[in-house]
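Student: Can you keep this structure in mind? I'll have questions shortly.
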Amino acid sequence: MQPNEYAVLYLEINIFSLILIGIILHKTTGLSKMVAQRNFALSIISEMVFFISDTLTVLIANGLIPGNGVAIIAFKTIYFFSTATMCFFWFLYFEYLRETSIVKKKRRISFVSSVIWLMTLLLIGNLFGKYLFYIDETGVYHRGPYFILTYVLSYLYIIVACTRIIIDIVRKNSKIDRDYLILLALFPIAPGLAGIIQFIYPKLPVVCVAMSLTTLMLYLNWIDQLISVDPLTGLSNRKQLIHTFDQWKRNKGSTDRLFLLLVDANRFKYINDTYGHLEGDNALKVIAKALRLSCKSLSRRAIIARYGGDEFVILATMDSPQDIERLKTRTNNILARLVKEEELAFDLTVSIGTAGLAENDTLKDLISKADRAMYEDKKAN
């Protein structure tokens, strides 16, 4: 392939990738005020700068647009800096989604950003030291002896992000659904492999395509989360509960027993009226955390959903009614422990009703049975 033909192909591929992520950025604007999504938007902006600087470098190097070695070095510097910032914002996006300890303190975020500052210093120093990349006397671009640092420092964010997500999957530490965590852990693989390929074969324009498609997948999964997840508690919402129930009922084996727990916060109106709605929201988060922890030890599938207001549902496949009673007891015990640990200003308890699925029951039938049992439990408390 002639240099001009290669440059035109490179331009076409990168324009396609740039338009795709530009559309995603436009679509995400104003959809959510979550900090996680702000970092997602910042990663897209960094990605766009990455694409533009990469494309201009190739066009100048192949004589398609005017420029010299100084311009190539300038665009290469921007290219590698935007790579680092993009990976940094992706890292923060994954951390904010999971509400990890890193993003709860500014000091920790500042520490994590130190890699960006290191990359900045290296890129500025490279303008004089030529240890990362440089243009020789004949105007030819070369990689320096420490060029590998441009990849290692940027990809470090992705490696750490994936490792931390995998640890959450193994330990079941996150409030996010396990299947979604697995998807998050897999997302960086495509651009990572593409980066390695383009590192070995610099003329293969695969990174931009891989990154834009990965961004599209992140966007589509975010939209799916908006549709199926309760934003306050991070649990499934009613729509997702209905969808899951219909799926499970259709695919239920002859020996599977499906049970439902309906969980209702006691004296929740009193908490809201006395301590304010922010404390009321906090109470719902604590209950959600207790439900997640109580379901961690289940050996079979379960879905936890916020049904509405201060009502929650656990839909689980159990071997016997005794198992569901043990889950009910465990939920109450964990909630009592969390109330002490969180040092809440109010007492927080729940009433729980349980019901087993009969052959012709709809979800509404199952909830009605659990609702009657829940009110009996509420009277007993």
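Student: Whole-Hz ³J(HN,Hα) for each residue in region 56-73, computed from phi via Karplus 6.51 cos²θ - 1.76 cosθ + 1.60 with θ = phi - 60°, x for glycine and proline: what do you get?
Tutor: Ordered by residue, 3J(HN,Hα) equals 5, 4, 5, 5, 5, 4, 9, x, 7, 10, x, x, 10, x, 4, 5, 4, 4 Hz.
Student: If you don't mind, there's one more thing I want to ask. Running Debye on region 238-380 with equal point scatterers at the Cα sites and no solvent, what base-10 log of I(q)/I(0) appears at q = 0.10, 0.13, 0.14, 0.18 Å⁻¹?
Tutor: Evaluating at q = 0.10, 0.13, 0.14, 0.18 Å⁻¹ gives log10 I(q)/I(0) of -0.33, -0.55, -0.64, -1.02.
Student: Farthest toward the dipole's positive end in region 3-228, which of V58, L213, S113, given Cβ charges of +1 (Lys, Arg) and -1 (Asp, Glu) about the Cα centre?
Tutor: The residue sitting most towards the positive pole is S113.
Student: Select from region 80-151 those trypsin sites (Lys or Arg not before Pro) which occupy a DSSP coil region and have at most 12 other Cβ atoms within 10 Å, ordered by residue number.
Tutor: Details: sites: R98, K104, K105, K106, R107, R108, K130, R143; in loops: K105, K130.
Answer by residue number: K105.
Student: Under the rule that an exposed site lies in a DSSP loop and has at most 14 other Cβ atoms within 10 Å, name the longest stretch of the chain with no GluC sites (Glu not before Pro) of that kind, not counting the sites themselves.
Tutor: 138-341
Student: Place a +1 charge on the Cβ of each Lys and Arg in region 87-158 and a -1 charge on the Cβ of each Asp and Glu, then give the dipole magnitude about the Cα centre in debye, rounded to the nearest 20.
Tutor: 500 debye
Student: Considering only DSSP beta bridges with both partners in the chain, what is the antiparallel share in %, to the nearest 5?
Tutor: Values: 25 of 26 bridges.
The antiparallel fraction comes to roughly 95 percent.
Student: When the helices in the chain are scored as -39500 (n - 2.57) per DSSP H run of 4 or longer and the sum is shared across all residues, what 222 nm value do you end up with, to the nearest 500 deg cm²/dmol? Could the numbers behind the result be given before it?
Tutor: Details: 14 runs with 253 residues, N = 381.
It lands at -22500 deg cm²/dmol.
Student: Ratio to report: Rg/Rh of region 59-109, with Cα atoms as the point set and Rh obtained by the Kirkwood method; give two decimals.
Tutor: Radius of gyration relative to Kirkwood radius: 1.31.
Student: Taking a 28 Å limit on the Cα-Cα distance, which of the listed pairs K104/K328; K239/K269; K105/K130; K239/K379; K27/K289 fall beyond it?
Tutor: Beyond 28 Å between Cα atoms: K104/K328; K105/K130; K239/K379; K27/K289.
Student: Sticking with this structure for a sec: Taking a ≥ b ≥ c as the square roots of the eigenvalues of the Cα gyration tensor of region 25-173, is the shape rounded (a/c under 1.5), prolate (a/b larger than b/c) or oblate?
Tutor: Prolate, because a/c is 1.5 or more and a/b exceeds b/c.
Student: Follow-up. In Å, what Kirkwood hydrodynamic radius results for the chain from the alpha-carbon pair distances?
Tutor: The answer is 23.8 Å.
Student: Equivalent-ellipsoid semi-axes (√(5λ), Cα gyration tensor) for region 174-329, whole Å, largest first?
Tutor: Equivalent ellipsoid of region 174-329: 38, 22, 13 Å, largest first.
Student: Same structure again: For a distance above 14 Å, tell me the whole-number percent of Cα pairs in region 320-369 that qualify.
Tutor: In whole percent, the long-distance tail amounts to 62.
Student: Here is a further query. Per the Kirkwood formula on distinct C-alpha pairs, the Rh of region 124-225 is how many angstrom?
Tutor: Computed over region 124-225, the radius equals 16.0 Å.
Student: Still on this structure: Just to confirm the filter: which trypsin sites (Lys or Arg not before Pro) across region 205-303 are DSSP coil and have at most 11 other Cβ within 10 angstrom of their Cβ?
Tutor: Details: sites: R238, K239, K249, R250, K252, R257, R267, K269, K285, K289, R292, K296, R300, R301; in loops: K252, R267, K296, R300, R301.
Of the trypsin sites (Lys or Arg not before Pro), the ones in loops of region 205-303 whose Cβ has at most 11 other Cβ atoms within 10 Å are R300.
Rule-based calculations on the coordinates, nothing more; no lab input. Remember, it's a predicted structure, so these values are computed and weren't measured experimentally. Glycine also receives a Cβ, built like all others from the backbone with ideal geometry; neighbour counts cover every protein chain displayed.
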